[in-house]
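Here's the structure, in structure tokens; my notes come after.
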Amino acid sequence: MSDGLQETTQSQYGPLAVTAAPGVTATQGLSSAHVLAALRAAGEATRLRILALLAEMEHNVKDLTQILIQSQPRISRHLKLMAEAGIITRFREGSWVFFRIADSGPEGALARAIVDSLDPSDLTLARDRARAEAVQRARAEAAQDYFRAHAAEWDSIRTLHVAESQVEAAMDAALGQGPFELLVDLGTGTGRILELFGPRANKLLGFDLNHDMLAYARMKLERAGLTQAQVRHGDLYNIPLPDGAADAVVVHQVLHFLDDPAAAVAEAARLLAPGGRLLVVDFAPHELEFLREQSAHRRLGFSRGQLGRMLEAAGLKLLSFRDLNPHAADAGASDAESPGGSSPEGKLTVSLWLGQRPAATGKTRKRNGKVEVAA
């Protein structure tokens, strides 16, 4: 380790660093015991290097052992101490556990102040960053391999409906400009919806059960620099967030894969704060039976009334509905509801439902702005 990093570890994390930490005020600061615990957790050479790495991107234990060239038990012990002090957070993804720097609360502000005080040209930190980039490239290549293996299947489905750019433009118009404190994407897949709405949300969370898709989404978000967006392994029927945590929830091309879409809609509605919006995008009813076998579609689309009733049963009001009809698009006409509420023969109509949780009446308790995702 360079002399500069050693000196930083020993001398720069006293009271001045604490008082200068952004966001730590008299009303929301840490007790002296908590500050000392946080400083002790960061005040060791390897743990400081870990904190700097986790400020750049999420890593699991395997990543950190490769980057720091240290044993798994040693890395795990360091992570445990830092997590207990609250300067990093952990979340489970199947059998793996990922870590990142705390991104909210006074602990997060203090952790970020520690990292910001480091000299980015320090040789040890520079070498760590270079090895981390190599690990990230390897992850990205694996994710790209998965995407390429399935790209032909996805491309064949896209040819059956209007262009993705038209769908995204309609979604953009339906959900509105926000800004949103928290936007949740259920069945996030490649993370494209998080990219689309990233500029208008302070925090974005995407949930999916497919580990390969999560790896691909994480790679895309890191490349896009969307540090406020995270993806998590999660069951759409049981999302680890409290009631009313989100201002907006998106369920994009997911319901037709599910055995119980109504339960997924109810879970999405549970996440909405009063006045929050749920945007559902899926196919109108169609007769393309080959999609059941080829692409594991459980449902061949949903009618306006069918999904509207799901929203109503979940306590939401249907604010708007729109069909994107591929035949109308081919003819240059404006999109309209499909004839008979179904897709044209041989094609897929994309439908958009926008529901809203009624605004609370009377006095309401303000939600805690800190959203924790259960590990």
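The values are calculated or read from the model by the stated rules, or taken from the named source; none is laboratory data. Remember, it's a predicted structure, so these values are computed and weren't measured experimentally. We place every Cβ from the backbone using ideal geometry, glycine too, and count neighbours over all the protein chains shown. Heavy atoms of the whole protein, side chains included, go into the accessibility calculation; ligands, DNA and RNA do not. Shrake-Rupley method; radii C 1.70, N 1.55, O 1.52, S 1.80 Å.
Considering only the stretch 255-274, how many residues are farther than 13 Å from Leu307 by Cα and either touching a helix residue (DSSP H, G or I) at 6+ places or on another chain (Cβ under 6 Å) or outside any helix (DSSP H, G or I) (or both)?
Of the residues in the stretch 255-274, 6 are farther than 13 Å from Leu307 by Cα and either touching a helix residue (DSSP H, G or I) at 6+ places or on another chain (Cβ under 6 Å) or outside any helix (DSSP H, G or I) (or both).
Evaluate the following for Gly187: is it of a type in the set (Gly, Ala, Ser) and either crowded, with 22+ Cβ neighbours inside 10 Å or under 15 Å from Leu278 (Cβ atoms) (or both)?
So Gly187 passes the test.
Please state which of the following conditions Ser104 fails to meet, knowing it meets all the rest: (1) at pLDDT 90 or above; (2) open to solvent by 10 Å² or more (accessible area, probe 1.4 Å); (3) on the phi < 0 side of the Ramachandran plot.
Here Ser104 meets the rest and fails (1).
Can you tell me which residue in the stretch 158-179 is farthest from Lys347 (Cα to Cα), limited to those that are modelled with pLDDT of 90 or more and touching a Leu at 6+ places or on another chain (Cβ under 8 Å)?
Here the residue is Leu175.
Which of the numbered conditions does Ala37 fail, given that it passes all the others? Conditions: (1) over 27 Å from Gly234 (Cβ atoms); (2) open to solvent by 30 Å² or more (accessible area, probe 1.4 Å); (3) under 25 Å from the mean Cα position of the chain (by Cα).
(3)
Return the residues of the stretch 68-88 that are of a type outside the set (D, E, K, R) and more than 20 Å from Val135 (Cβ to Cβ); say none if nothing qualifies.
Leu81, Ala83, Ala85, Gly86, Ile87
Being open to solvent by 10 Å² or more (accessible area, probe 1.4 Å) and in contact with a helix residue (DSSP H, G or I) (Cβ under 6 Å, 6 or more places away or on another chain) narrows it down to one residue among Ala126, Ala85; which is it?
Just one listed residue meets the conditions, Ala85.
Report, by residue number, each residue of the stretch 300-320 that is assigned to a loop (DSSP other than H, G, I, E, B) and surrounded by 18 or more Cβ atoms within 10 Å (Cβ to Cβ).
Leu300, Gly301, Phe302, Ala314, Leu316
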